[in-house]
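Below: the structure, in structure tokens.
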Amino acid sequence: MRIGKHEIKNRIFLAPMAGITDQPFRRLCSQFGAGLTFSEMMSTNPKVWHTEKSKLRLSHHADIGINAVQIAGSDPLEMANAAKINVDYGADIIDINMGCPAKKVNKKLAGSALLREPDLVEKILEAVVKAVDVPVTLKIRTGWDPEHKNCQQIAKIAENAGISALTIHGRTRQCLFQGEAEYDSIRMVKQSVSIPVIANGDITSAEKARFVFNYTGADAVMVGRGSLGNPWIFKEIKNFLENGRLSPELSVYEKSQFMLKHIADLYSFYGDEKGYRIARKHVGWYIDKLIPNSNFKRTFNALDSAKAQFEALEDFVKLIR
């Protein structure tokens, strides 16, 4: 599929996730076959653009491929300026967040709160599209709450504003991440617009990915929480879609080696002092998949240095071969 001028290598994408889709994780998911990955959400507040935190979020690597950067905000001019700055920094695609359900984002009338303001949505999309010469994409939810699903209306606004692709998470803002994602709304939107539609929500296996493709008719699927501690899911989905059968699962040993490489990359990218803190959540997700109900997570989280963490991980891996 294409997004603007970019030919995407396959139809399995990694979702933007705050505090998760940093350069090391995006690089790993790309190596396992993610066709497109998105950076963490960037604020449109110019005061934070040049901070160390923002520089780390924007950091890209050639191995990842296309550099897609997500921005969030509610002021059309600020959003346009943020998009231009990110393009100057190397963004190949600008993605606009109108799906985040977090209170701290919504109280600023950003994220999914914007779904209640279609007129403002239109102004933001038009301003950003006009401001940059790269494709602009949009990520939304189905609506603010189950009684006010307006994803079809927003999709039409997006199409008319020149948005190059639309991602829909199959939940409303009120649903947060509770219950099961629904795909009827995504299917309806796909049938009503001509721009590419990307289906997101509860895609946690190769079989689920194929079902979502078949049911919604979506042009691509986007994997979020299903990739946590499970970056090889992209390879599994890709092989299943191409061959019609599940590929042999990686062994526990193979998975543990990829975990070690990922954690080492985190230390290298962030430095030991910050890296060991960030490593805790990723190791927790890996352990939940490798050895459910293990007591190792508690032991690991008590360690306060990268060196101690990595030594403990290496010892743990030897025990689970």
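Annotations
- The portion of the accessible surface of the chain made up by carbon and sulfur, rounded to a whole percent, is 49 (1.4 Å probe; DNA, RNA and ligands excluded).
- Residue-normalised accessible area of the chain, given per residue in Å² at a 1.4 Å probe: 44 Å²
- Calculated FRET value between HIS148 and ARG277, using beta carbons and R₀ = 41 Å, to 0.05: 0.55
- Helix 118-131 axis versus longest C-alpha principal axis of the chain: approximately 80°, rounded to the nearest ten.
- Residue-span extension gain [LEU109 to ASN239] - 0.36 nm each, minus C-alpha spacing: 42.7 nm
- Along the chain, counting only GluC sites (Glu not before Pro) with a DSSP assignment other than H, G, I, E or B and at most 16 other Cβ atoms inside a 10 Å radius, the longest segment between sites is 1-146.
- Helical contribution to [θ] at 222 nm, DSSP H n ≥ 4, -39,500 (n - 2.57), averaged over the chain, rounded to 500: -14000 deg cm²/dmol
- Helix 272-290 and the longest principal axis of the C-alpha atoms of the chain enclose an angle of approximately 90°.
- Label-point gap, in nm, between TYR215 and ARG116 - each point 7 angstrom along Cα→Cβ: 2.9 nm
- Normalised by residue number, the volume inside the convex hull of the Cα atoms of segment 49-200 is 118 Å³ per residue.
- Here the chain is treated as a Stokes sphere of Kirkwood radius computed over C-alpha pairs; at 20 °C and 1.002 mPa s its diffusion coefficient rounds to 107 µm²/s.
- Note that segment 135-259, at 10 °C in a medium of 1.306 mPa s, gets a Stokes-Einstein diffusion coefficient of 103 µm²/s from its Kirkwood radius over C-alpha pairs.
- Dipole of the chain, positive end: most advanced residue of ALA72, VAL197, THR137 [Cβ charges, Cα centre]: ALA72
- With the convex hull of the Cα atoms taken as the outline of segment 157-228, the averaged projected area works out to 5.0 nm².
- The Rg/Rh ratio of segment 170-321, with Rg taken over Cα atoms and Rh as the Kirkwood radius over Cα pairs, comes to 1.06.
- Relative intensity, log₁₀ I(q)/I(0), of segment 204-276 from a Debye sum that treats every alpha carbon as a point, q = 0.17, 0.20, 0.24, 0.26 Å⁻¹: -0.74, -0.88, -1.07, -1.16
The values are calculated or read from the model by the stated rules, or taken from the named source; none is laboratory data. Predicted model, so just to flag it, every value in this text is computed and none were measured. Because the Cβ atoms are built from the backbone with ideal geometry, glycine has one as well, and the counts that use them run over all protein chains shown. To get the accessible areas, we keep the full protein, side chains included, count just its heavy atoms, and leave off ligands, DNA and RNA. Shrake-Rupley method; radii C 1.70, N 1.55, O 1.52, S 1.80 Å.
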